Amino acid sequence: MLGAYHRRMGSVTRSDGVAARERRVEVTERVLSAVEELLEDGERYTEIPVTRIAERSGMSRTNFYQYFPNKSEVLVHVAEVASAAFFDAPARWFADDAALDRGLPGVERVIREMVSGFREHWTVMRALGELAAYDSEVAEFWFGRINGFIEVAASQVDRWRDQGRVDPAVGSESVAAVTWMVERTVTQHVLHPNADATDEGIVRALARTIWLTFSQGAH
């Protein structure tokens, strides 16, 4: 009987935990939409009071603070969702042992998705870059997100190098350099576009540079 009771309580606890996670995901998505709408009105993130974000999200100030203690945490949580659209495609590429076999067109598809993902959430990505320059909490999230990706990607490159599929000189430094190159180039292209530059032109230029870095020895 006691065992059955513990099993029931364990099930209730797990159900409560799942419900809480689902609730946080739903709230974060609402707040992301609210923040993007406010930023699209032309305001800077630092100028938007928490009260307006809460109201636009359909939440009371008190309830809002139960999820987000301060504006830095608001940005970190919504940027985690927004930046996933930027990192998902390259993460899948590096996780795929057959990625090199798909050649330059495969890399172009990845960069195209990254540009599209950045454009989809450009207001939040702009705020993220701005606040990371002086807000330690935001900087810790954003640079940690990028460095975490570099670490995972470098591990795959190590395997490819051991298999003789990439140049022996290509290592974690190369992965870091390429990652920051793509992040800076896409950011500059979307937020401060050159009149002569097109999305496809940027896609082809970045993809070719990446392919030339990683493809030597690929079969």
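The values are calculated or read from the model by the stated rules, or taken from the named source; none is laboratory data. Given the structure is predicted, the values throughout are model-derived calculations rather than measurements. Neighbour counts run over all protein chains shown; Cβ positions are idealised from the backbone, glycine included. Note: areas computed on protein heavy atoms with side chains; ligands, DNA, RNA excluded. Shrake-Rupley method; radii C 1.70, N 1.55, O 1.52, S 1.80 Å.
For this structure, a couple of remarks:
- A search for C-beta distances below 8 Å between a residue of region 88-101 that is surrounded by 13 or more Cβ atoms within 10 Å (Cβ to Cβ) and any residue that is of a type in the set (A, V, I, L, M, F, W, C) and not in a helix (DSSP H, G or I), counting only pairs 6+ apart in sequence or on different chains, returns Leu100/Val166; Leu100/Ala218.
- Meets criteria (surrounded by 18 or more Cβ atoms within 10 Å (Cβ to Cβ), over 23 Å from Val25 (Cβ atoms), touching a His at 6+ places or on another chain (Cβ under 8 Å) and at pLDDT 95 or above) for Val107: no
- Evaluation of Arg165 against (1) touching a residue at least 60 places away in the same chain (Cβ under 8 Å); (2) open to solvent by less than 60 Å² (accessible area, probe 1.4 Å); (3) under 28 Å from Leu32 (Cα atoms) (one fails), failing number: (3)
- Under the condition of being touching a residue at least 12 places away in the same chain (Cβ under 8 Å), open to solvent by less than 60 Å² (accessible area, probe 1.4 Å) and assigned to a helix (DSSP H, G or I), the residues counted in region 58-80 number 11.
- Whichever residue in region 168-203 is of a type in the set (Asp, Glu) and assigned to a helix (DSSP H, G or I) and, among such residues, is least open to solvent (accessible area, probe 1.4 Å): Glu183
- Those residues of region 130-144 which are in a helix (DSSP H, G or I) and out of contact with any helix residue (DSSP H, G or I) (no Cβ under 6 Å at 6 or more places or on another chain), in sequence order: Glu130, Ser136, Ala139, Glu140, Phe143, Gly144
- So Leu206, is it part of a helix (DSSP H, G or I), at negative phi and within 23 Å of the chain's Cα centre (by Cα): yes
- Check on Glu140, touching a residue at least 40 places away in the same chain (Cβ under 8 Å) and either over 21 Å from Ala205 (Cα atoms) or of a type outside the set (Phe, Trp, Tyr) (or both): no
- Test: residue in region 33-49 that is assigned to a loop (DSSP other than H, G, I, E, B), out of contact with any helix residue (DSSP H, G or I) (no Cβ under 8 Å at 6 or more places or on another chain), open to solvent by 60 Å² or more (accessible area, probe 1.4 Å) and of a type in the set (Asp, Glu): yes
- Any pair with Cβ under 6 angstrom, 6 or more apart, that starts in region 119-137 at a residue that is under 13 Å from Glu80 (Cβ atoms) and ends at one that is at pLDDT 95 or above and buried (at least 17 other Cβ atoms within 10 Å of the Cβ): Met125/Phe118; Leu128/Trp142
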